[in-house]
Structure formats: C-alpha cells, structure tokens
1. Can you tell me which residues in segment 73-89 are surrounded by fewer than 13 Cβ atoms within 10 Å (Cβ to Cβ) and at pLDDT 95 or above?
2. Kindly provide the set of residues from segment 66-109 that are within 30 Å of residue 43 (Cα to Cα), part of a helix (DSSP H, G or I) and in contact with a strand residue (DSSP E or B) (Cβ under 6 Å, 6 or more places away or on another chain), ordered by number.
3. Just give me the residues in segment 5-41 being out of contact with any helix residue (DSSP H, G or I) (no Cβ under 6 Å at 6 or more places or on another chain), outside any helix (DSSP H, G or I) and more than 24 Å from residue 51 (Cα to Cα), in sequence order.
4. Considering only residues that are in contact with a strand residue (DSSP E or B) (Cβ under 9 Å, 6 or more places away or on another chain) and either over 16 Å from residue 40 (Cα atoms) or in a loop (DSSP other than H, G, I, E, B) (or both), which ones fall in segment 53-65?
5. Among (1) touching a residue at least 12 places away in the same chain (Cβ under 8 Å); (2) touching a strand residue (DSSP E or B) at 6+ places or on another chain (Cβ under 8 Å); (3) surrounded by fewer than 17 Cβ atoms within 10 Å (Cβ to Cβ), where does residue 50 come up short?
6. Output the residues belonging to segment 19-39 that are touching a strand residue (DSSP E or B) at 6+ places or on another chain (Cβ under 9 Å) and within 17 Å of residue 67 (Cα to Cα).
C-alpha cells in the first residue's frame, strides 16, 4: 500500500469544506484536514499575488490519486488549482491500513 499526503489550497472555508466532503464521501480520501489562515504569496500571470487561503491536507493512496486529482480540478474554482502529493514514507501501520481501507472502491450493490 502506498499512502500519500495530497495538498490543495482553497480560496475560502466554503470551497474547502465542499471539496473535503466530496473527497471523503466519494472514498477518494480517508481524511481531509482544513487549515485556515494560510497566507500565500505567488506569481500569477506576471504579477505577485498575496491571498489568504485554506489548505487541505488530504490522506489518500497512490491508487486513488488520479481520480482525486480529477475531482479536485472539477470542483475547484481556481483556473489552476494546487494539487500536489508526497509519499508517506512511514506511519503507524494501523493508520496507514485505515487510509487504504477507507479509500478502497465501494463494492457494487
């Protein structure tokens, strides 16, 4: 099992909550933490921007990442949303197993 921590910045609490709920409900993520009060500075279309954002910390698996990325892009209001992921190299084995179980595709009824 290959667990990932995906990151996505959102413009506000409403967007962050909507995306987080969709990802967990659709079993694309086991858990999504929302961290408010993030101050972002970045270059966009030739000028430096400064915005307050909400950062999503998304626990998922490598097997579900492509679908998760596609869903975020669909739900996100930004023209170019941040969707990046890093491998979770180590962790509490039962927690990593829980991530895998919660993101397993639901069986057909």
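1. Initially, segment 73-89 is screened for residues surrounded by fewer than 13 Cβ atoms within 10 Å (Cβ to Cβ), giving 74, 77, 79-80, 84, 86-87, 89.
Correct list: 74, 77, 79, 80, 84, 86, 87.
2. Filtering segment 66-109 down to residues within 30 Å of residue 43 (Cα to Cα) leaves 66-88.
So of that shortlist, the ones also part of a helix (DSSP H, G or I) come out as 66-75.
Hits for segment 66-109 are 68, 72.
3. Within segment 5-41, 26, 27, 31 meet the criteria.
4. In the first step, residues of segment 53-65 are kept if they are in contact with a strand residue (DSSP E or B) (Cβ under 9 Å, 6 or more places away or on another chain); the result is 53-62, 64-65.
Once the filter is applied, which keeps residues that are in contact with a strand residue (DSSP E or B) (Cβ under 9 Å, 6 or more places away or on another chain) and either over 16 Å from residue 40 (Cα atoms) or in a loop (DSSP other than H, G, I, E, B) (or both), segment 53-65 yields 58, 59, 60, 61, 62, 64, 65.
5. Unmet condition: (1).
6. Step one: filter segment 19-39 for residues touching a strand residue (DSSP E or B) at 6+ places or on another chain (Cβ under 9 Å), giving 19-21, 23-24, 28-39.
Selection gives 19, 20, 21, 23, 24, 28, 29, 30, 31, 32.
The values are calculated or read from the model by the stated rules, or taken from the named source; none is laboratory data. In this text, all values refer to a predicted model and were calculated from it rather than measured experimentally. Reconstructed Cβ throughout: ideal geometry from the backbone, glycine too, with neighbour counts over all protein chains shown.
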